[in-house]
Amino acid sequence: MNTTTLATTTSTSTHLATELTRRVAHLKAQAAHLNTGDIDASDHRLITLWSQTGELADEHNMCSMYDSIVREHGGITRERDYTVGIDVTITATISITHTVTAQNEDDAQNIAREETDISVIEDHITDIYNVDFPYEIDSWEPYEAEEA
């Protein structure tokens, strides 16, 4: 074995020994931490414990006590079902038809404007769109007249 090969082999061995020493130290530190019993309450290894404890609390009406313990120890909180109310505002423009008798289109629109009241519009909306909820009608305006 020549000097260059010996130096390379020694360098590689030294590097491997250093790496192994570093890894062993890291694993020893992890083992020491695990052996101390200092596991954080939110540790992923406790998910099953918290889940089953939460189920027991639900079954035995101990939810408030369970929630207090979880908050105090920083555990994984349980999920609960919530019913959430949602207000929806709808603004829509819809077209309805109303038949009137007139001599021309302008007169027909004017007559429709005069004859059409909120009850006529509500009846059309209910009949055509099968609306079954409270709604407000802000305004209406005839837009087109054609001979029937």
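Just so it is clear, none of the values below were taken in a lab; they were calculated from the coordinates. Owing to the predicted nature of the structure, the values given are computational and were not obtained by experimental measurement. Using ideal geometry, Cβ is built from the backbone for each residue, glycine included, and neighbour counts are taken over all protein chains shown.
How large is log10 of I(q)/I(0) for the range 93-148 at q = 0.14, 0.16, 0.28, 0.30 Å⁻¹ when the intensity is taken from the Debye formula with one equal scatterer per alpha-carbon?
-0.39, -0.50, -1.22, -1.34
Compute the long axis of helix 105-115 from its Cα atoms, compare it with the longest principal axis of the Cα atoms of the chain, and write down the angle in degrees, 0 to 90, nearest 10.
So the inclination is approximately 80 degrees.
Based on a Kirkwood Rh over C-alpha pairs, give the Stokes-Einstein translational diffusion coefficient of the chain at 10 °C and viscosity 1.306 mPa s in µm²/s.
64 µm²/s
Can you give the relative contact order of the range 93-148 as a percent, counting alpha carbon pairs under 8 Å and 6+ residues apart?
It rounds to 45 percent for the range 93-148.
Angle, helix 63-73 long axis vs. longest principal axis of the chain, Cα atoms, 0 to 90°, nearest 10?
Its long axis makes an angle of about 50 degrees.
In the range 42-148, which GluC sites (Glu not before Pro) fall in coil by DSSP and have 10 or fewer other Cβ atoms within 10 Å?
Those that pass, being in a loop and sparsely packed, are 79, 136, 144, 146, 147.
Could you compute the longest span of the chain free of chymotrypsin sites (Phe, Trp or Tyr not before Pro) located in DSSP loops and having at most 12 other Cβ atoms within 10 Å, not counting the site residues?
The reported range is 1-81.
Which whole-number percent is the relative contact order of the chain (Cα, under 8 Å, 6+ apart)?
This gives 15 percent for the chain.
Compute the distance in nm between two label points, each set 7 Å from the Cα along the Cα-to-Cβ direction, one at residue 73 and one at residue 13.
Roughly 5.2 nm, to one decimal.
Between residue 64 and residue 130, how many nm apart are label points set 7 Å from Cα along the C-beta direction?
Placing both labels 7 Å along Cα→Cβ, they lie 4.8 nm apart.
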